[in-house]
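Report on one structure; see the data block that follows.
The values are calculated or read from the model by the stated rules, or taken from the named source; none is laboratory data. The structure displayed is predicted, hence computed values, not measured ones. A quick note on method: Cβ atoms are made from the backbone with ideal geometry, for glycine too, and the neighbour counts reach across all protein chains shown.
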């Protein structure tokens, strides 16, 4: 495609502004490790919330949504829509607990909640496992999306794309620390939203599409529009709806949607001014992520079924794309090649923003683990703040290099998404219960990680090669079900047959975080003078359900208005408004 001078000027301006923000933030970012990784713990909810949204708006997200819509229709998105339940649980139950902990990273939790060598092992292992291995996989999927965008829209080779996408990101991430990441996220979020919405409107006016009504009535599209899968086909309803809503949201660990909060979401909560700002940030994030953003991507994905109905059509249109990178997720980038001068510059800048915002967050988050939870804790406890910031900057560069190398080996975003879900299957319930059940110990988490990883390797690597017919091809969801079942039974047995943590560490944790005492009663009864916090857990869980209904109603209201179904659109809109009113009225009753 032809990129005009105006388009290049828009892209160049975007890069320059991002760099300047990093330079501006660098004036304070190097003052201390806490400043570099937590921005001094004084961030407002709106900046943190927008940053969370920007981070999850990665360039691979519209690719993933396009892959899903082309294969399974709009209803296929329940595979990630179900994570709203996790998000709302974090909003009303865990956000204030994380902020109360006053940790630097969520991995410090292990030595706050558990004790001895097992706790130290957990912290060190997960610092490398999550901060390096898992983090690199996530960044590689983002980089893979960049490769496909660069190949389709700019005709760049994978290596050329990775160099362009990573250099600026590494510079401003290493200079500005978390503050630089937050400020650039704020700027990049609005660029990204403008690009995706502008692209959707233009594509609807293309001669091949004609109008929104023509799109929705086209035979390639009309059968893909349902919000729910066909209830007469259990091979669809189980993996697309029942599994995500009944099991996946609480039982699996996935970055950005961790049960009980964690990762870069926890980092944002820990950097908030106070508990109220931590809750406000996560609430805004879940509303924007699930209700505001998906429809522009879905519209473009549906339009791609008219322009490129088969993967072979994509291969013919873009012969320079390597065969192993050719898939349905490529269709989003392919549709953007039709955009006109000016808009293509904004959209390219928006996609670059999507890549950079996610990479920068993961670079800062991953390096915080490497520095705080491995280098400082185990290698050099006497390290100065200046030295820690330097190690953080070096680790930022190395993480990006590892991610770029892995990206060259991946083929599509949905493949990586499914592998990550399988590896975390069965561990999610621990992250929910460990705050509220005193009996969970370090061995619980160690064996849960081990069992889930072994099960994932078996189903994803060993079984396909051996060829045992354990799971029919049309029932691949059973892998996740087996993983959750085996892992959960395993860690529950380990918990019951190992000793609990010592009372001193448990009481220290309880006093600091002040969770509801329901699951701590057996411990607390041994100490009559210990105050038993009743908490507001029933109300918080009720608000989680109200919040989930509110956001789902808003999501479907937008969809119904787009489809032109005024009656269900009006009903969904009213339900969303009522849900919002209930949350606003209940806000004053929450204790902070």
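For segment 530-541, does any single residue satisfy the condition of being closer than 27 Å to residue 215 by Cβ, free of Cβ contacts under 8 Å to residues at least 60 places away in the same chain and within 28 Å of the chain's Cα centre (by Cα)? No, because not a single residue in segment 530-541 is closer than 27 Å to residue 215 by Cβ, free of Cβ contacts under 8 Å to residues at least 60 places away in the same chain and within 28 Å of the chain's Cα centre (by Cα). Scan segment 251-271 and give yes if some residue there is part of a helix (DSSP H, G or I), in contact with a strand residue (DSSP E or B) (Cβ under 6 Å, 6 or more places away or on another chain) and closer than 20 Å to residue 49 by Cα, otherwise no. Looking through segment 251-271, none of the residues is part of a helix (DSSP H, G or I), in contact with a strand residue (DSSP E or B) (Cβ under 6 Å, 6 or more places away or on another chain) and closer than 20 Å to residue 49 by Cα. Of the residues 307, 321, 311, 298, the single one that is over 28 Å from the mean Cα position of the chain (by Cα) and over 30 Å from residue 19 (Cα atoms) is 307. None of 194, 199 is touching a residue at least 60 places away in the same chain (Cβ under 8 Å), surrounded by 17 or more Cβ atoms within 10 Å (Cβ to Cβ) and assigned to a helix (DSSP H, G or I) except 199. Please determine whether any residue of segment 199-216 is within 26 Å of the chain's Cα centre (by Cα) and either at pLDDT 80 or above or more than 30 Å from residue 280 (Cα to Cα) (or both). Yes, because at least one residue in segment 199-216 is within 26 Å of the chain's Cα centre (by Cα) and either at pLDDT 80 or above or more than 30 Å from residue 280 (Cα to Cα) (or both).
Here is the figure for segment 310-333: residues that are touching a helix residue (DSSP H, G or I) at 6+ places or on another chain (Cβ under 9 Å) and in a loop (DSSP other than H, G, I, E, B) total 6. Taken across segment 218-226, residues that are closer than 26 Å to residue 51 by Cβ, at pLDDT 90 or above and surrounded by fewer than 20 Cβ atoms within 10 Å (Cβ to Cβ) do not occur at all.
Of all the listed residues (241, 305, 283), the sole one being in a helix (DSSP H, G or I), touching a residue at least 12 places away in the same chain (Cβ under 8 Å), touching a helix residue (DSSP H, G or I) at 6+ places or on another chain (Cβ under 7 Å) and closer than 30 Å to residue 338 by Cβ is 305. For segment 407-451, a tally of residues being at pLDDT below 80 and either under 18 Å from residue 129 (Cα atoms) or in a helix (DSSP H, G or I) (or both) returns 14.
Criterion first (modelled with pLDDT under 80, in contact with a strand residue (DSSP E or B) (Cβ under 8 Å, 6 or more places away or on another chain) and part of a helix (DSSP H, G or I)) does residue 182 satisfy it? The answer is yes for residue 182.
One residue alone among 556, 560, 509 is part of a helix (DSSP H, G or I), modelled with pLDDT of 90 or more, more than 27 Å from the chain's Cα centre (by Cα) and surrounded by 17 or more Cβ atoms within 10 Å (Cβ to Cβ), and that residue is 509.
Hey, any hits in segment 576-584 for a residue that's assigned to a loop (DSSP other than H, G, I, E, B) and surrounded by 14 or more Cβ atoms within 10 Å (Cβ to Cβ)? Among the residues of segment 576-584, not one is assigned to a loop (DSSP other than H, G, I, E, B) and surrounded by 14 or more Cβ atoms within 10 Å (Cβ to Cβ), which makes the answer no. State whether the residues of segment 538-549 include one that is under 17 Å from residue 228 (Cβ atoms), surrounded by 14 or more Cβ atoms within 10 Å (Cβ to Cβ) and out of contact with any strand residue (DSSP E or B) (no Cβ under 8 Å at 6 or more places or on another chain). Yes, because at least one residue in segment 538-549 is under 17 Å from residue 228 (Cβ atoms), surrounded by 14 or more Cβ atoms within 10 Å (Cβ to Cβ) and out of contact with any strand residue (DSSP E or B) (no Cβ under 8 Å at 6 or more places or on another chain). Inside segment 11-43, residues that are modelled with pLDDT of 70 or more, surrounded by fewer than 22 Cβ atoms within 10 Å (Cβ to Cβ) and either in contact with a strand residue (DSSP E or B) (Cβ under 8 Å, 6 or more places away or on another chain) or farther than 21 Å from residue 105 by Cβ (or both) make up a count of 11. Exactly one residue among 297, 253 is buried (at least 19 other Cβ atoms within 10 Å of the Cβ) and farther than 30 Å from residue 448 by Cβ, and that residue is 297. When residue 179 is tested against the conditions (1) under 20 Å from the mean Cα position of the chain (by Cα); (2) closer than 30 Å to residue 425 by Cα, the lone failure is (2). For segment 452-482, filtered to residues that are part of a helix (DSSP H, G or I), over 23 Å from residue 245 (Cα atoms) and more than 23 Å from the chain's Cα centre (by Cα), the residue that is modelled with the highest pLDDT is 454. Selection of segment 69-85 for residues being in a helix (DSSP H, G or I) and either over 17 Å from the mean Cα position of the chain (by Cα) or at positive phi (or both) yields 69, 70, 71, 72, 74, 75, 76.
Among the residues of segment 225-236, the ones that are without any contact (Cβ under 8 Å) to a residue 24 or more places away in the chain and either under 24 Å from the mean Cα position of the chain (by Cα) or not in a helix (DSSP H, G or I) (or both) come to 4 in all. For segment 104-158, a tally of residues being touching a residue at least 40 places away in the same chain (Cβ under 8 Å), assigned to a helix (DSSP H, G or I) and within 26 Å of residue 354 (Cα to Cα) returns 28.
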